[in-house]
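Heads up, the thing below is written out as structure tokens.
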Amino acid sequence: MSLFERIDTVCLAVSDIEKAKKWYGDNLKLKVIFQEANYAILSTGDSGIPLTIEEGEITPNNSTYPIFYTMNIVEVHKELSEKGVKSTEIVKEESNTFFDIFDPDGNRMQVCFA
């Protein structure tokens, strides 16, 4: 039996919580569902796992990152590119298709379609 019931959230450090909330809302269409002075919890569609952005020290080259799933990877890539979101090209592997995106603080996130 596992010690845990679920993953509660994925947390990313940001340099300015207000600017980050705006960026995540405008570009990724994530909505703030709870906020304290230095952090905000953002809904991620129908997932039960939210994304938490927390004002604090940015860790360059952090190897932990969230992966968002979409049924429309080409359309999502196009929309984010048109908004000026820094992203990689779409990569197609045997069983996975994905691309990376980066917020203004350099946090890596991935968008996938399996």
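FYI, it's all coordinate maths here, none of it is from the lab. A quick note: this is a predicted structure, and the numbers were derived from the prediction, not measured. Because the Cβ atoms are built from the backbone with ideal geometry, glycine has one as well, and the counts that use them run over all protein chains shown.
Descriptive notes on the structure:
- Residues considered: 47, 63, 43. Of these, the only one that is of a type in the set (Gly, Ala, Ser), in contact with a Phe, Trp or Tyr (Cβ under 9 Å, 6 or more places away or on another chain) and under 29 Å from residue 97 (Cα atoms) is 47.
- Residue count for the stretch 70-114 under the criterion of being among the charged types (D, E, K, R), touching a Phe, Trp or Tyr at 6+ places or on another chain (Cβ under 7 Å) and surrounded by 14 or more Cβ atoms within 10 Å (Cβ to Cβ): the result is 2.
- Any hit, the stretch 57-69, residues being surrounded by 15 or more Cβ atoms within 10 Å (Cβ to Cβ) and more than 19 Å from residue 10 (Cβ to Cβ): no
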